[in-house]
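The values are calculated or read from the model by the stated rules, or taken from the named source; none is laboratory data. Model, not experiment: these values are computed from the prediction. All Cβ positions, glycine included, derive from the backbone under ideal geometry; neighbour counts span all protein chains shown.
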């Protein structure tokens, strides 16, 4: 376990090694990105322009999100214009689209998007959010999901609906409450009732280190983690893969966890893939780490330097490593890179290497 810890200077010199690291052939796996308009805004980018710039690259799939508090900012209101524009842009570019319909949790910080008027008090920490204890929240979530799915079901570009984000895991380090499997199952049923013809995707965090796996297993021991629930409820199981992330910083040094190359992690992945195959579930990587995960919320972007948790070469290495271990036992339908907004920020600051690494994968993996 101790070998999974790294102590490094967080920022190091940029190199050109992204030009030389191997690119695994993707075979039938489709490539794509997730797009987070809130992250684009947090990085000082215009979301519409950012999406247009990313759609110039020849990937196949994009994941968008229906953020409940944005679409329903006040009681009785429904403002889908931003999602309408994003979906229209993706369709015009010929992309396949996965839409995360939430409702409680969705991709992108802060991951919690319930409108305040649907919560008379914060969800209680260390509690399980069940249909019996939160019937009004569940009813509102189902109404929202049904409205979104019904609105967009006629779009042929949409290939799947994602229900919740890491549905039954605790919400990061800020909150300890968790959705119950019964709550998520009711949402899945609502999606299938509104659009029986499309598959349901549910995603979960795949621990890349023993400490994270132990903590996750303990915190979700009563009903299993999000990947276990996805195997029971969903048609497509999405893997969120982050090989290296920071724990804490002290001065110029940062402590990282990275167990991606260790045998315990390999066995954990093999068991998951075998269970998915036995259950007849389809698999994809919903979040393949392609931006830094440091000890702060917004990824740092130091001029002329790269953060150790994800350097430009790691955009390719993470992809290649994942395609190889997954390809040994199963077939990934798609691999979605996570961090595209950050690549644009780096490019704006004079460092095109993240975008270039992504472009190299698209070109050389075919």
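Observations, loosely collected:
- Matching residues in the stretch 314-326 - criterion: being surrounded by fewer than 20 Cβ atoms within 10 Å (Cβ to Cβ) and touching a helix residue (DSSP H, G or I) at 6+ places or on another chain (Cβ under 7 Å): 325
- Residue count for the stretch 322-344, restricted to those that are farther than 18 Å from residue 107 by Cβ and either out of contact with any strand residue (DSSP E or B) (no Cβ under 9 Å at 6 or more places or on another chain) or in a loop (DSSP other than H, G, I, E, B) (or both): 7
- Qualifying residue in the stretch 142-156 (condition: surrounded by 17 or more Cβ atoms within 10 Å (Cβ to Cβ) and not in a helix (DSSP H, G or I)): no
- Residue tally, condition within 22 Å of the chain's Cα centre (by Cα) and outside any loop (DSSP other than H, G, I, E, B), over the stretch 90-115: 11
- 2 or more residues within 27 Å of residue 248 (Cα to Cα): qualifying helices (runs of 4 or more DSSP H) within the stretch 1-89: 37-42
- The stretch 128-137, residues that are assigned to a loop (DSSP other than H, G, I, E, B) and surrounded by 14 or more Cβ atoms within 10 Å (Cβ to Cβ): 130, 131, 133, 134
- The criterion of at least 3 residues that are out of contact with any helix residue (DSSP H, G or I) (no Cβ under 8 Å at 6 or more places or on another chain), over 22 Å from residue 36 (Cα atoms) and in contact (Cβ under 8 Å) with a residue 24 or more places away in the chain is met by the following strands (runs of 3 or more DSSP E) wholly inside the stretch 239-302: 245-250, 253-257.
- Selection count, the stretch 341-357, where residues are over 21 Å from residue 41 (Cβ atoms) and crowded, with 20+ Cβ neighbours inside 10 Å: 2
- Members of the stretch 193-231 that are crowded, with 17+ Cβ neighbours inside 10 Å and in a helix (DSSP H, G or I): 194, 210, 212, 213, 216, 226, 227, 228, 229, 230, 231
- The set of residues from the stretch 1-23 being surrounded by 15 or more Cβ atoms within 10 Å (Cβ to Cβ) and either within 22 Å of residue 323 (Cα to Cα) or out of contact with any strand residue (DSSP E or B) (no Cβ under 9 Å at 6 or more places or on another chain) (or both) comprises 4, 17, 18, 21, 23.
- Condition check for residue 288: at positive phi, buried (at least 20 other Cβ atoms within 10 Å of the Cβ) and at pLDDT 95 or above: no
- Hits in the stretch 140-172 - residues which are at positive phi and touching a helix residue (DSSP H, G or I) at 6+ places or on another chain (Cβ under 8 Å): 164, 166
- If you go through the stretch 254-292 and keep only what is more than 25 Å from residue 357 (Cβ to Cβ) and in contact with a strand residue (DSSP E or B) (Cβ under 6 Å, 6 or more places away or on another chain), you end up with 255, 276, 281, 282.
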